[in-house]
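> Here it is, the structure, as structure tokens.
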Amino acid sequence: MRKIISLALPVSLLFFLSSAGWAQAPKMREQLVYGLNVFNGRGYGGGFVPQSEDTIYLIAEKDNAISAHMTLVYFWPITARYMAAWQTLNEEVEGTLEVLKEGKVIKSLKKRDNCLYYPEGYWSETSILYTDEEAIKKFEEYKKAVEKFYKAVSDYYKKMAEYKKKLDKFLEETKKLREAGKKLSPEEVEKMMPKEPKEPEPPGFYVTEPRKDYIVNLPVGTYRIRIRAEDGTIVQDSEKKLVVFTSRRRGGVGYEIIPGNRWTRRESCDDPARIIYAAGKNTLYFRPFHQDEYNELYYNKLEDPQNFGREERWRWVHIKPIKDVLLVFLKEGKLIKKVENLPYYVKQIPGPELGYNIIEYKKEEMPDRRPTFEGYKLDLSPELAKGRYEIKLEKKLEKGKFLEGGTRQIRLVRKENSKYLYPFSIFPLVVGIVVFIGRRIKTR
Amino acid sequence: MRRKGIVYVIAGVVIAICVGAFVSLQRGEYGEVSGKVVDELSKDAVRGVRIVLDGKSTIHYMSKSYRLTGIKPGSYTLKASAPNYYEFAKDIYVKRGKNVVDIFMKGKEIPDLKSIIVFTEPKDEGIELEIRLVNSKGEGIVNYPCLPMSLEGRLFMRIGTQEKYIKGDKIFEGPIKLFWDAKAYLAKNKGIIPWEKINVDKRGEKYGILEVTLHTPQGDFKDVCDDVKLFKEK
């Protein structure tokens with residue numbers, strides 16, 4: 001009985017405490033936070049720095065947009081992160097951003113107009129930060145492009161209405177002609193048929209509305225920042241350490257690998273020493289990237305100031321996709337095939353069974369769709385002969401020349417006799433049991 | 001060997017204590033001033049309040065407390081200012097460590113107050129009045145301080161429909177108790193006329209006409225509400 005009580009008591013206490021935790025609304029605190037729009041090697045990314053973080057990390061010699069806001073901050077236990085309730089409170093802190101080095105103010109920054117330009121559209125990762133007049137000019141350019149598009153859409157609808165009228169007239173006429181016994185050749189029908197107007201395409205680029213932020217561009221080093229209000233006072237809680245860093249190595253080649261059987265679970269193979277293992281029948285889509293190597297802690301904190309990382313570790317960061325190459329698949333140095341970079345579309349299988357097919361994207365067949373991803377497709381079948389396989393990237397313009405650092409080894413793992421491996425996994429357990437029983441017998 | 005170990009442990013503890021004491025002394029060199037910062041009458045947060053002391057400042061919008069750190073011990077004037085409030089100033093002596101100074105901001109004016117709109121709603125305790133403050137653009141005023149105000153009204157029976165009616169018997173006349181609803185967005189000033197003060201039979205759906213006058217430091221404002229429900233809604 002006592003045992004049951006001693007077990008039930010902590011369990012019920014745990015349940016009570018956890019249920020009490022569910023019912024609690026997060027406590028909001030008004031804080032001065034920094035909003036970031038910083039260069040991450042390939043484009044610009046946002047984030048916010050709550051009071052719990054005392055350091056901001058930036059990449060050297062690049063324009064970074066920083067702003068200070070008063071907002072409500074709460075801790076969200078599910079993700080173990082501080083969140084900002086921007087909708088409830090978002091007031092900009094006015095003043096000058098001072099940058100200090102060794103206790104001396106080296107820069108006093110005023111807020112400047114800036115905007116982000118996405119040359120490949122809003123969803124692309126590439127973005128460029130424009131400042132001052134250029135930012136205004138770029139946004140005006142975008143506004144004009146949007147206005148032009150809307151006008152084109154309006155014209156398209158007018159033309160479409162005319163086209164429908166003409167089409168009805170054409171159908172009526174052909175019907176009359178047929179009724180009159182006249183036979184029309186396909187060429188004549190083609191000639192008579194009205195042409196359908198082409199739907200206008202929206203602007204391929206996107207520009208964010210200009211906003212005023214502090215533009216920070218500094219060489220590598222450690223600094224401190226703070227905000228000096230218009231009355232000359234230092235704003236409480238605005239002081240932060242600023243770590244400006246750069247990459248340790250540049251120009252590496254990394255791969256993002258999309259497995260055909262689970263395309264959302266992308267993996268990366270950034271280190272040339274790493275081997276790619278493929279089991280059974282598998283289709284892999286390789287996406288090569290130029291990559292730079294950054295300090296893990298600094299880069300993780302740059303991506304999100306609440307991220308974790310280790311200062312003594314380094315990580316590769318994909319910077320730009322490599323497109324002007326062919327993927328060469330080799331077995332022991334002999335060419336098996338060359339693969340071209342192609343766009344692919346993930347088509348969901350209709351019906352109750354879940355699944356998808358990855359098909360080659362052809363614009364003429366899917367005019368209203370966009371490719372899901374681009375990559376070099378490699379089919380790895382279990383029938384492939386045993387041996388060392390590798391992939392290389394051949395420059396399109398210089399035949400026979402391979403991109404340095406682009407080689408990766410591929411090992412095909414066979415599944416057929418894998419069941420015999422399972423008994424080996426329990427071998428240490430069996431040894432342990434034998435030793436245990438042996439000792440028990442001895443002590444008796 | 002064992003004695004050596006004990007010596008090392010004691011040395012480690014002594015070093016740790018020294019380091020701790022040094023750090024706390026370093027910290028103790030400065031003072032921290034903190035406390036409440038609220039509207040004097042409503043005890044609500046003061047939107048946009050700026051508190052200044054010894055070359056440091058802090059600004060708050062929804063918080064009812066403030067904190068200024070890293071203040072050298074000495075005599076200062078703690079100042080606080082906010083839109084539509086009188087400036088607050090207080091001479092204080094900051095000692096090392098924590099100093100508590102509460103700031104009560106006195107409301108100056110309701111910005112661009114031009115008229116009022118009164119809405120009523122029957123509640124368990126009585127008829128609740130929502131007083132919305134309107135500016136020169138005809139928009140509801142959102143952020144304003146709590147000012148000393150009084151409300152008085154006259155309630156009549158309504159004979160006829162809302163479109164066509166005449167005033168009936170007077171069923172209430174006198175001052176109306178005002179209260180501050182911090183959670184409300186537009187109508188923070190509210191009033192209540194208790195049922196026991198309304199001379200009417202609460203059975204059946206009857207309506208009344210309420211004439212109110214709001215006395216404020218910025219003048220008197222009047223409004224009439226002709227759809228006052230004189231019955232408790234289910």
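The values are calculated or read from the model by the stated rules, or taken from the named source; none is laboratory data. These numbers come from a predicted model, not from an experiment. Backbone-built Cβ (ideal geometry, glycine too); neighbour counts: all protein chains shown.
> I need every pair where a residue in the stretch A:71-85 that is within 14 Å of chain B (Cβ to nearest Cβ) has its Cβ under 6 Å from the Cβ of a residue that is hydroxyl-bearing (S, T, Y) and assigned to a strand (DSSP E or B), sequence separation at least 6 or different chains.
Hits for this filter: A:V73/A:Y82; A:A84/A:T71.
Per-residue answers, yes or no, for (1) modelled with pLDDT of 95 or more; (2) under 20 Å from A:E239 (Cα atoms):
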position: B:I10; (1), (2): no, no
position: B:E40; (1), (2): yes, no
position: B:K56; (1), (2): yes, yes
position: B:K79; (1), (2): yes, no
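> Quick one: in the stretch A:133-142, of everything that is touching a residue at least 24 places away in the same chain (Cβ under 8 Å) and either out of contact with any strand residue (DSSP E or B) (no Cβ under 7 Å at 6 or more places or on another chain) or closer than 20 Å to A:P202 by Cα (or both), which residue is surrounded by the most Cβ atoms within 10 Å (Cβ to Cβ)? So that I can check it myself, show each step before the final result.
Kept after step one, since they are touching a residue at least 24 places away in the same chain (Cβ under 8 Å), are these residues of the stretch A:133-142: A:135-136, A:138-139, A:141-142.
Right, trim to either out of contact with any strand residue (DSSP E or B) (no Cβ under 7 Å at 6 or more places or on another chain) or closer than 20 Å to A:P202 by Cα (or both) and you get A:138-139, A:141-142.
Working: A:K138: 21, A:F139: 19, A:E141: 14, A:Y142: 19.
Here the residue is A:K138.
> Which of the residues that make up the stretch A:86-132 are exposed (fewer than 15 other Cβ atoms within 10 Å of the Cβ), in contact with a Ser or Thr (Cβ under 7 Å, 6 or more places away or on another chain) and hydrophobic (A, V, I, L, M, F, W, C)?
A:W86, the sole residue that qualifies.
> Within the bounds of the stretch A:191-201, is there any residue that is free of Cβ contacts under 8 Å to residues at least 60 places away in the same chain, under 30 Å from A:I128 (Cα atoms) and either acidic (D, E) or within 14 Å of chain B (Cβ to nearest Cβ) (or both)? Lay out the reasoning, then the answer.
Let us first name the residues in the stretch A:191-201 that are free of Cβ contacts under 8 Å to residues at least 60 places away in the same chain, namely A:191-201.
Then keep just the ones that are under 30 Å from A:I128 (Cα atoms); that gives A:199-201.
Then keep just the ones that are either acidic (D, E) or within 14 Å of chain B (Cβ to nearest Cβ) (or both); that gives A:199, A:201.
Yes, the conditions are met somewhere in the stretch A:191-201.
> Sticking with this structure for a sec: How many residues are surrounded by fewer than 16 Cβ atoms within 10 Å (Cβ to Cβ) and more than 20 Å from B:D181 (Cα to Cα) when one looks only at the stretch B:136-162?
As a first pass, look at the stretch B:136-162 and keep what is surrounded by fewer than 16 Cβ atoms within 10 Å (Cβ to Cβ): B:136-140, B:142-143, B:148, B:150, B:152, B:159-162.
The next check asks that each one be more than 20 Å from B:D181 (Cα to Cα); those that pass are B:136-138, B:159-162.
The number of residues fulfilling the criteria is 7.
> Name the single residue that is surrounded by the fewest Cβ atoms within 10 Å (Cβ to Cβ) among those in the stretch B:54-78 being part of a strand (DSSP E or B) and more than 10 Å from chain A (Cβ to nearest Cβ). Steps first, answer last, please.
Taking the stretch B:54-78 first, the residues part of a strand (DSSP E or B) are B:56-60, B:65-71, B:74-78.
With more than 10 Å from chain A (Cβ to nearest Cβ) added as a condition, the list becomes B:71, B:74-78.
Working: B:I71: 21, B:G74: 11, B:S75: 8, B:Y76: 19, B:T77: 11, B:L78: 22.
Ranking the qualifying residues of the stretch B:54-78, first place goes to B:S75.
> Kindly evaluate B:I131 against the criterion of being surrounded by 12 or more Cβ atoms within 10 Å (Cβ to Cβ) and either aliphatic (A, V, I, L, M) or in contact with a Cys (Cβ under 8 Å, 6 or more places away or on another chain) (or both). Don't jump to the end; show me each part of the working.
Numbers: surrounded by 12 or more Cβ atoms within 10 Å (Cβ to Cβ): yes; either aliphatic (A, V, I, L, M) or in contact with a Cys (Cβ under 8 Å, 6 or more places away or on another chain) (or both): yes.
Yes: the conditions hold for B:I131.
> Considering only residues that are outside any loop (DSSP other than H, G, I, E, B) and within 14 Å of chain B (Cβ to nearest Cβ), which ones fall in the stretch A:86-104? So that I can check it myself, show each step before the final result.
Filtering the stretch A:86-104 for residues outside any loop (DSSP other than H, G, I, E, B) gives A:90-92, A:96-101, A:104.
If the condition is that a residue be outside any loop (DSSP other than H, G, I, E, B) and within 14 Å of chain B (Cβ to nearest Cβ), then A:N90, A:E91, A:E92, A:T96, A:E98 are the ones that fit.
> Yes or no: the stretch B:110-126 includes at least one residue that is touching a helix residue (DSSP H, G or I) at 6+ places or on another chain (Cβ under 8 Å), in contact (Cβ under 8 Å) with a residue 12 or more places away in the chain, crowded, with 16+ Cβ neighbours inside 10 Å and assigned to a strand (DSSP E or B).
Kept after step one, since they are touching a helix residue (DSSP H, G or I) at 6+ places or on another chain (Cβ under 8 Å), are these residues of the stretch B:110-126: B:125-126.
Subsequent filtering for residues that are in contact (Cβ under 8 Å) with a residue 12 or more places away in the chain retains B:125-126.
So of that shortlist, the ones also crowded, with 16+ Cβ neighbours inside 10 Å come out as B:126.
Subset that is assigned to a strand (DSSP E or B): B:126.
Yes.
> Out of curiosity, is A:E30 modelled with pLDDT of 60 or more, in a strand (DSSP E or B), out of contact with any helix residue (DSSP H, G or I) (no Cβ under 6 Å at 6 or more places or on another chain) and among the charged types (D, E, K, R)?
Numbers: modelled with pLDDT of 60 or more: yes; in a strand (DSSP E or B): yes; out of contact with any helix residue (DSSP H, G or I) (no Cβ under 6 Å at 6 or more places or on another chain): yes; among the charged types (D, E, K, R): yes.
Considered against the rule, which asks whether it is modelled with pLDDT of 60 or more, in a strand (DSSP E or B), out of contact with any helix residue (DSSP H, G or I) (no Cβ under 6 Å at 6 or more places or on another chain) and among the charged types (D, E, K, R), A:E30 comes out as yes.
> Also, I was wondering about something else. Given (1) outside the structural domain of A:V146 (by TED's automatic domain parsing); (2) among the acidic types (D, E); (3) at pLDDT below 95, identify the lone condition not met by A:E296.
Exception for A:E296: condition (3).
> Hey, another quick one. I need the full set of residues from the stretch B:82-98 which are surrounded by 19 or more Cβ atoms within 10 Å (Cβ to Cβ) and not in a loop (DSSP other than H, G, I, E, B), in order please.
B:Y85, B:F88, B:V94
> Only one of (1) within 14 Å of chain B (Cβ to nearest Cβ); (2) surrounded by 10 or more Cβ atoms within 10 Å (Cβ to Cβ) is not met by A:E209, so which one is it?
Going through the list (1) within 14 Å of chain B (Cβ to nearest Cβ); (2) surrounded by 10 or more Cβ atoms within 10 Å (Cβ to Cβ), A:E209 breaks only (1).
> Of all strands (runs of 3 or more DSSP E) completely enclosed by the stretch A:218-268, which ones contain at least 1 residues that are more than 14 Å from every other protein chain (Cβ to nearest Cβ) and under 30 Å from A:Y344 (Cβ atoms)? Full working, then the answer.
Numbers: elements: A:221-228, A:240-245, A:249-259.
Once the strands (runs of 3 or more DSSP E) in the stretch A:218-268 are filtered for at least 1 residues that are more than 14 Å from every other protein chain (Cβ to nearest Cβ) and under 30 Å from A:Y344 (Cβ atoms), what remains is A:249-259.
For (1) closer than 22 Å to A:D292 by Cα; (2) free of Cβ contacts under 8 Å to residues at least 40 places away in the same chain, each residue gets a yes or a no:
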{"site": "A:D324", "(1), (2)": "yes, no"}
{"site": "A:L330", "(1), (2)": "no, no"}
{"site": "A:P343", "(1), (2)": "no, yes"}
{"site": "A:E364", "(1), (2)": "no, yes"}
{"site": "A:G375", "(1), (2)": "yes, no"}
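> Now for a separate question. Here is a list of conditions, (1) touching a residue at least 24 places away in the same chain (Cβ under 8 Å); (2) exposed (fewer than 12 other Cβ atoms within 10 Å of the Cβ); (3) over 30 Å from A:G121 (Cβ atoms), and A:D168 meets all of them except one; can you say which number that is?
Tallying (1) touching a residue at least 24 places away in the same chain (Cβ under 8 Å); (2) exposed (fewer than 12 other Cβ atoms within 10 Å of the Cβ); (3) over 30 Å from A:G121 (Cβ atoms), A:D168 fails exactly one: (1).
> Right, next: Filter the stretch B:188-208 down to residues that are in contact with a strand residue (DSSP E or B) (Cβ under 8 Å, 6 or more places away or on another chain) and small (G, A, S) and give me whichever is nearest to B:G126 (Cα to Cα).
Per the criteria, the residue is B:G191.
> Among the residues of the stretch B:175-234, write down those that are among the basic types (K, R) and within 22 Å of the chain's Cα centre (by Cα). Quick ask: steps written out before the conclusion?
Start the filter on the stretch B:175-234 by keeping residues that are among the basic types (K, R), which leaves B:177, B:183, B:188, B:190, B:197, B:202-203, B:206, B:222, B:229, B:232, B:234.
If the condition is that a residue be among the basic types (K, R) and within 22 Å of the chain's Cα centre (by Cα), then B:K177, B:K183, B:K188, B:K190 are the ones that fit.
> Also, I was wondering about something else. Select the strands (runs of 3 or more DSSP E) contained entirely in the stretch B:127-234, then report the ones holding at least 1 residues which are under 18 Å from B:D44 (Cβ atoms). It would help to see each step written out before you state the result.
Numbers: elements: B:150-160, B:165-180, B:189-194, B:207-216, B:219-229.
In the stretch B:127-234, B:165-180, B:189-194, B:207-216 are the strands (runs of 3 or more DSSP E) which contain 1 or more residues that are under 18 Å from B:D44 (Cβ atoms).
> Let me ask something else about it. If you scan the stretch A:58-70, which residues turn out to be within 14 Å of chain B (Cβ to nearest Cβ) and outside any strand (DSSP E or B)? Break it down stepwise before answering.
Of the stretch A:58-70, the ones within 14 Å of chain B (Cβ to nearest Cβ) are A:68-70.
Hits for the stretch A:58-70: nothing passes.
> Considering only the stretch A:177-194, I want to know if a residue exists there that is within 28 Å of the chain's Cα centre (by Cα) and surrounded by fewer than 17 Cβ atoms within 10 Å (Cβ to Cβ). Show your work before the answer.
Filtering the stretch A:177-194 for residues within 28 Å of the chain's Cα centre (by Cα) gives none.
Checked against the condition, which is being within 28 Å of the chain's Cα centre (by Cα) and surrounded by fewer than 17 Cβ atoms within 10 Å (Cβ to Cβ), the stretch A:177-194 yields no hits at all.
> Now for a separate question. Please state which one of B:D91, B:D169, B:D181 is in the same structural domain as B:S63 (by TED's automatic domain parsing) and among the acidic types (D, E). Show your work before the answer.
On the way: B:D169 fails: in the same structural domain as B:S63 (by TED's automatic domain parsing); B:D181 fails: in the same structural domain as B:S63 (by TED's automatic domain parsing).
Residue meeting the stated conditions: B:D91.
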